[in-house]
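S.K.: I am attaching a structure below and will ask some questions about it afterwards.
The values are calculated or read from the model by the stated rules, or taken from the named source; none is laboratory data. Model, not experiment: these values are computed from the prediction. Here the Cβ positions follow ideal geometry from the backbone for every residue, glycine too, while neighbour counts run over all protein chains shown. Surface accessibility is based on the protein's heavy atoms, side chains included, excluding ligands, DNA and RNA. Shrake-Rupley method; radii C 1.70, N 1.55, O 1.52, S 1.80 Å.
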Amino acid sequence: MKITMDFTPIIRLRLKDAFGDQKVFQMVSNDSDYLDYLFEWTDRGNVFIIDDVNTGHSIFLLDTRGLGTDKTFKVINRSHKDLFLWHIDGILYYADSKCDCALLTNDYLGFVEFKSNASNNTEASIKGNYEKAKLQLTQTIMDVVDRCKKVGVKLQDVVNVEAFAVFNRTVPRHNAYQKKLAAQFLLDTDGIPLYFKNDAEV
């Protein structure tokens, strides 16, 4: 384990300036303050994320014992990079209009929306949750892109940006409806891919 962590992934995106109107960012006076509410850090090779009902936001987990893999998102970090989990829904925004969290390294930013806790027992409910996940991810990403641009950071020139909609494994994958939404998302976000899967490599 590293004695110190490198906050460069957060600093180089100028997130404190971009979100200067948000109280949780205003409370940051030194780098370690980012870990009070906004971010978690790890450099582990494998880590999991869950949308935690007890804390009201997404958190890192070291394993899935007692939970299974159905409602978790696995992050593979082979190079043991400084990896930050950005708490978005429940910390930065309280309205249910933004995605749950994002993964941040020095060259990667992945936005994640969990729909694994949602009711996905009918075709109509599944499609509705597909649409809601796409909307929440789009709104979050475009807000971050716009805010960063205003402080001189063109997000997609600095980091590789991706989006993930996480569903229970009982929901069919690679279907035509997912492909349709992913194609729309690519256009809506100026080239950012949307994946319907439960893992990412950073």
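S.K.: Please express the Cα-Cα pair-distance distribution P(r) of segment 107-146 as a list of whole percents, one per 5 Å bin, running from 0 to the bin with the greatest distance.
M.R.: Taking every Cα pair in segment 107-146, the percentages come to 6, 21, 26, 20, 14, 8, 5, 1.
S.K.: Which whole-Hz couplings ³J(HN,Hα) result when phi for each residue of segment 97-112 is put into the Karplus expression 6.51 cos²θ - 1.76 cosθ + 1.60, θ = phi - 60°, listed in order with x for Gly and Pro?
M.R.: Listing the rounded values in order: 10, 10, 6, 6, 6, 8, 9, 9, 10, 5, 10, 8, 9, x, 8, 10 Hz.
S.K.: Now for a different question. Rounded to the nearest angstrom and ordered from largest down, what semi-axes does the equivalent ellipsoid of segment 12-147 get from its C-alpha gyration tensor (root of 5λ)?
M.R.: 24, 20, 13
S.K.: Which value, in debye to the nearest 20, gives the size of the charge dipole of segment 106-153 about its Cα centre, when Lys and Arg are +1 and Asp and Glu are -1 at the Cβ? Intermediate values should be presented prior to the final figure.
M.R.: On the way: 7 positive and 6 negative charges, 24 e Å.
The dipole magnitude comes to about 120 debye.
S.K.: Note down the relative contact order for the chain as a percent, whole number, built from C-alpha pairs under 8 angstrom at least six residues apart. Display every interim value, and only then the final one.
M.R.: Working: 346 pairs, mean separation 41.8, N = 202.
Taking the mean separation of contacting Cα pairs over the length of the chain, I get 21 percent.
S.K.: Here is a follow-up. When the helix-only estimate is applied to the chain (DSSP H runs of n ≥ 4, each -39,500 (n - 2.57), divided by the residue count), what is the mean residue ellipticity at 222 nm, nearest 500 deg cm²/dmol?
M.R.: Details: 6 runs with 57 residues, N = 202.
Per the formula, -8000 deg cm²/dmol.
S.K.: Given R₀ = 25 Å, FRET efficiency for Asp36-Leu62 by Cβ-Cβ distance, to 0.05? Before the final figure, lay out each step's value.
M.R.: On the way: r = 21 Å, r/R0 = 0.84.
According to the calculation, E is roughly 0.75.
S.K.: How many Å² of accessible area per residue for the chain, probe 1.4 Å?
M.R.: The answer is 48 Å² per residue.
S.K.: Can you pull the Rg over Rh of segment 1-80, Cα-only, Kirkwood? Intermediate values should be presented prior to the final figure.
M.R.: Numbers: Rg = 14.5 Å, Rh = 14.5 Å.
Result for segment 1-80 is an Rg/Rh of 1.01.
S.K.: Could you pull out every one of the aspartates and glutamates with an alpha carbon less than 13 Å from that of Lys132, ignoring same-chain neighbours closer than 8 positions?
M.R.: The qualifying aspartates and glutamates are Asp96, Asp100, Glu113.
S.K.: Taking springs between alpha-carbon atoms closer than 10 angstrom, which of Leu62, Leu103, Leu135 fluctuates most in the Gaussian network model of the chain?
M.R.: Greatest mean-square fluctuation among the candidates belongs to Leu62.
S.K.: Using only alpha carbon positions, build the gyration tensor of segment 74-114, then give the equivalent ellipsoid semi-axes as the square roots of 5 times its eigenvalues, largest first, whole angstrom. Please report the intermediate quantities before stating the final value.
M.R.: On the way: eigenvalues 100, 17, 11 Å².
Each semi-axis is √(5λ); the values are 22, 9, 7 Å.
S.K.: How big is the equivalent ellipsoid of segment 110-194 along its three axes, where each semi-axis is √(5λ) from the Cα gyration tensor, reported in whole Å from largest to smallest?
M.R.: Details: eigenvalues 142, 29, 21 Å².
Equivalent ellipsoid of segment 110-194: 27, 12, 10 Å, largest first.
S.K.: Which entries in the list Lys71/Lys197; Lys127/Lys197; Lys23/Lys149; Lys74/Lys197; Lys134/Lys154; Lys127/Lys179 go over 18 Å, if you measure between the two C-alpha atoms of each?
M.R.: On the way: Lys71/Lys197 11 Å; Lys127/Lys197 15 Å; Lys23/Lys149 20 Å; Lys74/Lys197 10 Å; Lys134/Lys154 22 Å; Lys127/Lys179 12 Å.
Going by Cα-Cα distance, Lys23/Lys149; Lys134/Lys154 fall outside the 18 Å limit.
S.K.: Step through the residues of segment 41-53 one at a time and calculate ³J(HN,Hα) from phi using the Karplus curve (6.51 cos²θ - 1.76 cosθ + 1.60, θ = phi - 60°), rounding each to whole Hz and writing x for Gly and Pro.
M.R.: Karplus-based 3J(HN,Hα) across segment 41-53 equals 10, 7, 10, 5, x, 9, 8, 10, 10, 9, 7, 8, 6 Hz.
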